[in-house]
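Below is one structure, written out as structure tokens; comments come after it.
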Amino acid sequence: MRQRLTRILPVIFWFLLVASGAQAATFTVAAVGSSFEPPTVNINVGDTVIWTGLANGHNVDANDDSFRSGNVGAVQSFSRTFDSAGSFGYRCEAHFLFGMVGTVIVSDDGGGGEEPGTLQLTGTAFNVFEGESTNLQVLRVGGDDGAVSVSWSVTALTAQAADFTAASGTLSWADGDDDPKIVTVATTEDAAAEGNETVRVTLSNPAGGAALDDAARIATVTIQDDDAGGAAPSAPTNLQVHPHSTTEVMLAWTDSSGETGYRIERKTLGGAFVEVATAPGNSTSAIVGGLAEATRYTFRIRAQNGSGVSGYSNEASAVTPATPAVCVESSTTLCLNNNRFQVEVDWRAGTSPSSPATAIPLEFAPESGLFYFSNPGNIEMLVKVLNACVPALGDKYWVFYAATTNVEFSLTVIDTQTGAVQVYENPANNPAQPVQDTNAFATCP
């Protein structure tokens, strides 16, 4: 009997341990670009969440001030063990206006049964220029069981009735629906110089069993006044652009005078400038997100007030870095210099969509390769990446290429070990000039 109990007791103990949920789990959330991935995690009481990638200009700050990783970029990672059930919203203090927010949903029963979810706004502070509208997203996270709804309203804080459209209504989700819903804040253009004013967006009265995130149910929208009066502002100057992450750049400029806000435009090779962001008056910098990796972007900005808009600033460009990864050779990709450098070319003739060039590796010359565009009998480009990692040559990797074409193309070279990127572009109808870039990559060895 003693032997049987000796064998059975550990099994009983293990069963009770698992059934009681005593074995806590650990979940990881990565800060990538201007988002948390995944943005929502569902855990049990006693589980731990670890945030990584914070050293690249991010932090974790709870909406209810219950936890904080420290200042932006101060630590590489941060962990917290959750000992009570509930929905805990958080954000990155530097990027929450770009949607870098997340939610930890903690269950005390392992998440079984129906999960109608939690309803919340994506942030608590937004901006809109006078006379324009902005859309605020309302999310359903942590479950989509059953039909749910929530009431919303747009009401005045410091704004007057004539400055915006007061509104209210109900947002509804069907069973299985977790798509974001929209609350629109519409503002009114006038000629009065009245300064910035604010309105409030409020979520209330959740129905269908859904919870409401108390820390993310109210948002303040600031209406940027464009009626300073007098002359239109002068154009901002000395625009500079620097990579901030794989999906973000930092813009910096010299402030104008008399402006109430800035409009930020960007373009890529062959494209037209489009407005992608705004910044409030007296700003001298902004972070623009939502960009693609390993891509050159050109920016320009202009100031505005109630009397009009300024001319454009100088144009400035930057290339977003890439996530380090192993180079994989393909029909459109060369892997040069011991497979360290990934080389690709996109080209376009006329107004047709861009196409990837076809790569021709040279087994006898591992630092070099060829590309053709549409005709395999017509070689368009020779590219080579040379190892000049000796002091006498500057401790750099060099990029040389020669192209026999006048079509639009973009040559992208990525150091797959570090994520550093160089992009070389040729506009349409421009005879391509040979390039000998002896400062391409200061990433030795």
(Q) Checking residue 438 against (1) among the β-branched types (Val, Ile, Thr); (2) part of a strand (DSSP E or B); (3) in contact (Cβ under 8 Å) with a residue 40 or more places away in the chain; (4) closer than 17 Å to residue 327 by Cβ, only one condition comes out false. Which one? (A) (4)
Q) Inside the stretch 297-317, can you point out the residues that are touching a Ser or Thr at 6+ places or on another chain (Cβ under 6 Å) and either open to solvent by 40 Å² or more (accessible area, probe 1.4 Å) or of a type in the set (A, V, I, L, M, F, W, C) (or both)? A) 300, 301, 302, 303, 315, 317
Q) Does residue 366 qualify as being within 20 Å of the chain's Cα centre (by Cα) and either open to solvent by 50 Å² or more (accessible area, probe 1.4 Å) or without any contact (Cβ under 8 Å) to a residue 24 or more places away in the chain (or both)? A) no
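I'd like to check which strands (runs of 3 or more DSSP E) are fully inside the stretch 267-311 and have at least 2 residues that are more than 24 Å from residue 421 (Cα to Cα). Write out each step before concluding.
On the way: elements: 274-280, 285-288, 296-305.
Result: 274-280, 296-305.
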Q: Starting from the stretch 266-279, take each residue that is under 27 Å from residue 221 (Cα atoms) and list its partners that are open to solvent by less than 50 Å² (accessible area, probe 1.4 Å) and in a loop (DSSP other than H, G, I, E, B), counting only C-beta distances under 8 angstrom and pairs at least six apart or across chains.
A: 266/273
(Q) Cβ-Cβ under 9 Å, sequence separation 6+ or interchain: first residue in the stretch 331-345 and under 18 Å from residue 388 (Cα atoms), partner among the basic types (Lys, Arg) and in a strand (DSSP E or B). Which pairs? (A) 336/384; 337/384
Q) Of 184, 158, 220, which residue is β-branched (Val, Ile, Thr), under 27 Å from the mean Cα position of the chain (by Cα), over 30 Å from residue 85 (Cα atoms) and open to solvent by 30 Å² or more (accessible area, probe 1.4 Å)? A) 184
Q) Going through the stretch 419-433 one residue at a time, which ones are open to solvent by less than 20 Å² (accessible area, probe 1.4 Å), small (Gly, Ala, Ser) and under 16 Å from residue 407 (Cα atoms)? A) 432
Q: Tally the residues that are closer than 22 Å to residue 117 by Cβ and either touching a strand residue (DSSP E or B) at 6+ places or on another chain (Cβ under 9 Å) or in a strand (DSSP E or B) (or both), restricting the search to the stretch 176-204.
A: 11
**Q.** Number of the exception - residue 135 against (1) open to solvent by 30 Å² or more (accessible area, probe 1.4 Å); (2) in a loop (DSSP other than H, G, I, E, B)
**A.** (2)
Q | Residue under evaluation residue 346, criteria (1) closer than 22 Å to residue 57 by Cβ; (2) outside any loop (DSSP other than H, G, I, E, B); (3) not basic (Lys, Arg), criterion not met | A | (1)
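Tell me, yes or no, whether the stretch 142-151 has at least one residue that is within 27 Å of the chain's Cα centre (by Cα), more than 27 Å from residue 260 (Cα to Cα) and open to solvent by 30 Å² or more (accessible area, probe 1.4 Å).
Yes, the conditions are met somewhere in the stretch 142-151.
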Q) Any chance the stretch 318-329 includes a residue that's part of a loop (DSSP other than H, G, I, E, B), free of Cβ contacts under 8 Å to residues at least 24 places away in the same chain and open to solvent by 50 Å² or more (accessible area, probe 1.4 Å)? A) yes
Q: Working carefully through the options 49, 72, 41, 29, find the one that is assigned to a loop (DSSP other than H, G, I, E, B), surrounded by 15 or more Cβ atoms within 10 Å (Cβ to Cβ) and of a type outside the set (Phe, Trp, Tyr).
A: 72
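The values are calculated or read from the model by the stated rules, or taken from the named source; none is laboratory data. These figures come from a predicted structure and were not determined experimentally. Every residue, glycine among them, receives a Cβ derived from its backbone with ideal geometry; neighbour counts consider all protein chains shown. Surface accessibility is based on the protein's heavy atoms, side chains included, excluding ligands, DNA and RNA. Shrake-Rupley method; radii C 1.70, N 1.55, O 1.52, S 1.80 Å.
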